[in-house]
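The block underneath contains the structure these notes are about, expressed in structure tokens.
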Amino acid sequence: MAKRLGIIGTGYVGLVTGACFAEVGHHVICADNNAGKIAMLHAGGIPIYEPGLEELVRRNVAAGRLRFTQSTAEAVDGSEVIFIAVPTPPQPDGSVDLSFIEAVAREIAASLTGYRIIVDKSTVPVKTAEKVSETIRRYAKTKVDFDVVSNPEFLREGFAVDDLMKPDRIVIGTSGPRPVAAMKEIYAPFHAPVIVTDTSSAELIKHAANSFLALKISYINAVAAVCEAAGANVSEVAHGMGMDERIGRRFLNAGIGFGGSCFPKDLAAFIKISSQLGYDFRLLKEVQSINAEQMDRFVSKVRDALWVLRDKRIGVLGLAFKQNTDDVRQSPALELCRRLLGEGALLRVHDPRAMETARPVLPPGPAVEYVEAAQDVPVGCDALVIATEWPEFASLDWAKARRDMVAPLLFDGRNLLDRAAMESQGFIYRGVGR
Ligand code: UGA
């Protein structure tokens with residue numbers, strides 16, 4: 001049965017969740033206190049790039065199932081279930097800044113007039129649902145009934161619509177049985193297995209899952225280092241390992257390390273909350289160290305081949321933290337650019353989607369040239385680096401790229417290209433762990 005749902009926060013999670021809920025028939029109102037974002041959404045614009053999202057939003061706005069507002073009160077008033085999807089940014093000590101969640105909890109409390117289910121979708125440390133409950137109870141004007149549910153989101157940027165429409169599982173964490181039926185109804189059209197558990201376990205599922213995926217990546221990056229030393233091929237090793245169903249092939253791609261707005265932050269937060277609870281999570285600290293070393297190792301590889309980086313012209317293909325997104329937050333590609341610039345290199349950079357988002361953090365200037373077409377990046381370069389795994393980079397005219405370059409050095413930070421094919425074009429090819 002269609003429900004009236006409110007979503008607070010129109011970032012990646014909020015907007016995609018709202019659009020997908022509307023797509024399956026619910027009536028959704030998305031609130032954001034950022035006037036610019038709401039104005040843009042009212043005008044038919046989308047503040048982020050996410051494949052399939054624009055069409056989804058347009059279709060559901062036209063069908064009258066998706067609306068936007070600047071007022072949290074309006075979203076709370078007109079909805080049976082309210083999802084909190086506001087940012088939970090990292091703080092320098094690794095802990096999470098929960099002030100946006102707290103502020104929204106107070107706003108919800110101020111608008112509550114009858115029973116509501118308040119759902120935490122943002123990634124938060126264990127025990128946050130309890131704090132949200134306490135806050136709402138403290139600030140509610142009248143004594144009203146409500147339930148707080150932890151319902152973590154597992155979508156990946158770049159594949160968010162697909163991940164949301166076809167989830168592996170739905171996690172519903174609650175302290176009592178009352179909200180379970182409503183939550184199951186909301187998710188029924190998605191035909192996914194549902195796990196009902198307590199709020200703390202639900203919160204931990206998210207941190208433990210993201211940290212495990214990061215661990216998988218650091219593991220294969222460590223294996224890649226051994227492969228390099230042994231003359232083996234990490235892609236073959238990952239393939240062989242991944243065929244064991246207990247391991248699985250996904251998230252075993254060696255590269256220049258993981259980044260983005262989730263893994264680095266969630267790892268740090270999980271380590272921090274574990275330590276606050278009395279457990280020193282050494283294993284995850286090592287995952288962080290391996291990830292940092294991965295960048296050092298890659299920069300050394302470029303330096304070893306070029307000998308001196310000062311005044312070398314290096315083409316960098318990719319700025320986003322991964323393919324299919326314009327997001328450059330904690331992007332390993334940008335970190336690589338900064339490291340190369342720090343050693344005096346001159347960069348020619350390109351990304352199919354992330355040039356606009358990268359410009360403010362990697363300003364163009366005498367040492368950084370933004371190149372509109374990927375195919376033009378190699379022109380005049382001493383070396384070329386693949387820093388993001390955009391599939392279109394594989395189909396460049398590599399023979400032309402080779403002719404356009406001063407020297408044929410190709411560093412494949414994402415193991416995107418075929419070594420033999422590149423070598424047959426005359427490139428000196430260096431991948432990661434192969
Ligand atoms: C991640 C999780 O995959 C989602 O399930 C989760 O919902 C999301 O965080 C979140 O907490 O919101 P996301 O950060 O969008 O999603 O990106 P991923 O596809 O997981 O990639 C993260 C980083 O790992 C990227 O830098 C990517 O290039 C890198 N990566 C990924 C590898 O280096 N190797 C791999 O095999 C896979």
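Only a single criterion out of (1) in a helix (DSSP H, G or I); (2) closer than 18 Å to Ala383 by Cα is not satisfied by Ser235, namely (2). Screening the stretch 362-420 for residues that are part of a helix (DSSP H, G or I) and surrounded by 19 or more Cβ atoms within 10 Å (Cβ to Cβ) and picking the one that is nearest to the ligand (Cβ to nearest atom) gives Phe393. Does Gln323 satisfy the criteria of being assigned to a helix (DSSP H, G or I), within 15 Å of the ligand (Cβ to nearest atom) and under 30 Å from His350 (Cβ atoms)? Considered against the rule, which asks whether it is assigned to a helix (DSSP H, G or I), within 15 Å of the ligand (Cβ to nearest atom) and under 30 Å from His350 (Cβ atoms), Gln323 comes out as no.
Among the residues of the stretch 248-288 satisfying the criterion of being more than 18 Å from the chain's Cα centre (by Cα) and of a type in the set (D, E, K, R), which is most open to solvent (accessible area, probe 1.4 Å)? Spell out how you get there, then give the answer.
At the first step, the residues of the stretch 248-288 found to be more than 18 Å from the chain's Cα centre (by Cα) are 248-249, 271-286.
Narrowing the set further to residues that are of a type in the set (D, E, K, R) leaves 249, 272, 280, 282, 285-286.
Numbers: Arg249: 87, Lys272: 58, Asp280: 66, Arg282: 156, Lys285: 87, Glu286: 97 Å².
Going through the qualifying residues, I end up with Arg282.
When the stretch 115-146 is filtered for residues that are assigned to a loop (DSSP other than H, G, I, E, B), at negative phi and either open to solvent by less than 20 Å² (accessible area, probe 1.4 Å) or in contact with a helix residue (DSSP H, G or I) (Cβ under 8 Å, 6 or more places away or on another chain) (or both), the ones remaining, listed by number, are Lys121, Ser122, Thr123, Val124, Pro125, Val126, Ala140, Lys141. Looking only at the stretch 242-254, decide whether some residue is closer than 23 Å to Val299 by Cβ, aromatic (Phe, Trp, Tyr) and not assigned by TED's automatic domain parsing to the domain that holds Arg156. Within the stretch 242-254, not a single residue is closer than 23 Å to Val299 by Cβ, aromatic (Phe, Trp, Tyr) and not assigned by TED's automatic domain parsing to the domain that holds Arg156.
So for the stretch 76-83 (the condition being within 21 Å of the chain's Cα centre (by Cα), within 22 Å of Met165 (Cβ to Cβ) and either touching a residue at least 60 places away in the same chain (Cβ under 8 Å) or surrounded by fewer than 23 Cβ atoms within 10 Å (Cβ to Cβ) (or both)), does at least one residue qualify? Yes - at least one qualifying residue is present in the stretch 76-83. Of the numbered conditions (1) of a type in the set (Ser, Thr, Tyr); (2) in contact with a Gly (Cβ under 6 Å, 6 or more places away or on another chain); (3) within 16 Å of the ligand (Cβ to nearest atom), Ser79 satisfies every one except a single condition; which is it? Every listed condition holds for Ser79 apart from (3). Got at least one residue in the stretch 377-391 being in contact (Cβ under 8 Å) with a residue 40 or more places away in the chain and of a type in the set (Asp, Glu)? Yes: the stretch 377-391 contains one or more residues that are in contact (Cβ under 8 Å) with a residue 40 or more places away in the chain and of a type in the set (Asp, Glu). Checked against (1) in contact (Cβ under 8 Å) with a residue 60 or more places away in the chain; (2) closer than 18 Å to Gly259 by Cα; (3) in a helix (DSSP H, G or I), Gln330 passes all but condition (3).
Restricting to the stretch 1-36, and then to whatever is assigned to a strand (DSSP E or B) and under 20 Å from Tyr49 (Cα atoms), can you tell me which residue is farthest from the ligand (Cβ to nearest atom)? Among those that are assigned to a strand (DSSP E or B) and under 20 Å from Tyr49 (Cα atoms), it is Ala31. If the condition is being surrounded by fewer than 17 Cβ atoms within 10 Å (Cβ to Cβ) and either over 30 Å from Asp120 (Cβ atoms) or under 20 Å from the mean Cα position of the chain (by Cα) (or both), then the stretch 188-208 contributes only Ala208. Of everything in the stretch 339-358 that is out of contact with any strand residue (DSSP E or B) (no Cβ under 7 Å at 6 or more places or on another chain) and farther than 19 Å from Asp304 by Cβ, the residue that is surrounded by the fewest Cβ atoms within 10 Å (Cβ to Cβ) is Glu356.
Kindly indicate whether Arg310 is open to solvent by 10 Å² or more (accessible area, probe 1.4 Å), away from the ligand (no atom under 16 Å from the Cβ), modelled with pLDDT of 95 or more and closer than 21 Å to Gly342 by Cβ. Yes; evaluated as a whole, the condition is true for this residue.
Against the criterion of being more than 16 Å from the ligand (Cβ to nearest atom), within 20 Å of Arg4 (Cβ to Cβ) and surrounded by fewer than 17 Cβ atoms within 10 Å (Cβ to Cβ), Val149 does not qualify. Considering (1) more than 15 Å from the ligand (Cβ to nearest atom); (2) touching a residue at least 12 places away in the same chain (Cβ under 8 Å); (3) over 16 Å from Val96 (Cβ atoms), the lone condition that Asp296 does not fulfil carries the number (2).
How about the stretch 166-191: which of its residues are aliphatic (A, V, I, L, M), away from the ligand (no atom under 14 Å from the Cβ) and in contact (Cβ under 8 Å) with a residue 24 or more places away in the chain? Result: Ile172, Ala182, Met183, Ile186.
The values are calculated or read from the model by the stated rules, or taken from the named source; none is laboratory data. If you're wondering where the values come from, they're calculated on a predicted model, not measured in any experiment. No Cβ is skipped: glycine too gets one built from the backbone with ideal geometry, and neighbour counts run over all protein chains shown. Ligands, DNA and RNA are excluded from the accessible area calculation, which covers all protein heavy atoms including side chains. Shrake-Rupley method; radii C 1.70, N 1.55, O 1.52, S 1.80 Å.
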